[in-house]
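The values are calculated or read from the model by the stated rules, or taken from the named source; none is laboratory data. Here the structure is a predicted model, which means the values were calculated and not measured. Cβ coordinates were reconstructed from backbone atoms using ideal geometry, including for glycine residues, and neighbour counts include every protein chain displayed.
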Amino acid sequence: MGRLGLKNVKEVRGRLYYRRKVAGRDTYHRLPAVDDPAFAAEYARLAAPEIVAPAPEHGTLRWLAADYRASPEWRAKSGRTRENQGRYLDLISDKDGHRTASGVRPVHVYKLRDQLADTPGKANVWLSVFGSLMRHAVKIGLRDDNPCDNVPILRTGEHEPWPADLLSACLEEATPMTRLAIVTGLCSGQRIGDVVRMQYGWIHDGIMEFDQEKRRRGGVVKHVAVPMHPFWIAELEKLPRRAITLLYERTGAPFKTTAAIQERLRALMDKPAVLDVHADLVAREVISEDARFTFHGLRKNACCYLLERGLNDSEVGEILGMSPEMVRHYGKRARSLMVARGAADRLRSGSVVTLKTG
């Protein structure tokens, strides 16, 4: 372990860390390189005295969020779920923490939800987290009802599979790490939360094995084993291994959340070359003008591909961690195309006009 001439800064294996006392214990925070323009600001931030916020007033949403975080229900969630939903608890605390939990009415929930209407996915996650918070308020006696129970989520549209032309354009325009993220989602068929978790140590004889992060009903964890397509393996070999995970940030650290990948995809969809392909697909009436494509749509691409390769619903479900019902739902377009291809020769050999006249 090396030392620099800066207070509380240590160098470990070429990386810099700032040592800081938190609740009486030493914690270490990663610093940029000394020659990084962001180093000075980050060092100043960490070296500044910690400001202790006053305790929130009992019964407010800020107090309720803190109490919820200490509950068994919160601790039972996976680490990544706590991390993702925790951002929304922070949002609720920062914007509306002064409100009393007992004073919230459905009209307030509608108003707060609609403030995020421009991003319906975000609005729906906010509603889900706020609903959990209100259930906790009922549990501890602050309320008798949950004002979120009859407030509907906003329509976001179904996650559509990426058309081949759009997928090709995105792979061509993407940065190497974003490209690898897309290929990993396409070839594994997994949710983005599981994709950013994937590790090299989970690969055994060309098969990626892991427990999905999202729990099924009853808290059951689904174990999946995904055969790795040669295209996926070839893409992995193009990038150096700088982390235990397949995907990593520019610093070499694993992604802490899915937000960075989601933001990269949004930026990719706004690139001129990708927008041109999108416009062409609209003109050919392949997609609607307002069609938007998300990472989750790649899960549907993978499902359709496996069905087209002849795997049955149960086999596809085991690989992707889906129920057979979900496979049938996701693969309905692929199945229609397969039926059409299978029936093509029989249809072409017959006569369309079967009724004789005169």
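What to note about this one:
- Counting only helices (runs of 4 or more DSSP H) that sit wholly inside the range 242-310, those with at least 3 residues that are at pLDDT 90 or above, in contact with a helix residue (DSSP H, G or I) (Cβ under 9 Å, 6 or more places away or on another chain) and closer than 22 Å to Gly321 by Cβ are 295-308.
- Whenever a residue of the range 300-329 is assigned by TED's automatic domain parsing to the domain that holds Met228, its partners that are at pLDDT 90 or above and of a type in the set (Phe, Trp, Tyr), lying with C-beta atoms within less than 8 angstrom and at least six residues away or across chains, give the pairs Asn301/Trp162.
- Single residue of Glu235, Glu213 found to be crowded, with 17+ Cβ neighbours inside 10 Å and touching a Ser or Thr at 6+ places or on another chain (Cβ under 7 Å): Glu213
- Within the range 44-64, the set of residues being among the β-branched types (Val, Ile, Thr) and in a loop (DSSP other than H, G, I, E, B) comprises Ile51, Val52.
- Cross-chain or 6+ apart pairs with Cβ under 6 Å, the range 266-285 first and touching a residue at least 40 places away in the same chain (Cβ under 8 Å), then of a type in the set (D, E, K, R): Lys271/Glu173; Ala273/Glu173; Val274/Glu173; Val277/Asp165
- Number of positions in the range 251-263 that are loosely packed, with under 15 Cβ neighbours inside 10 Å and either free of Cβ contacts under 8 Å to residues at least 24 places away in the same chain or on the phi > 0 side of the Ramachandran plot (or both): 3
- Residue match in the range 191-205 (condition: basic (Lys, Arg) and not assigned by TED's automatic domain parsing to the domain that holds Glu235): no
- Only one of Leu180, Leu171 that is surrounded by fewer than 20 Cβ atoms within 10 Å (Cβ to Cβ), in a helix (DSSP H, G or I) and more than 14 Å from the chain's Cα centre (by Cα): Leu171
- Complete set of residues in the range 99-131 that are over 29 Å from Gln262 (Cα atoms) and without any contact (Cβ under 8 Å) to a residue 40 or more places away in the chain: Arg99, Gly103, Val107, His108
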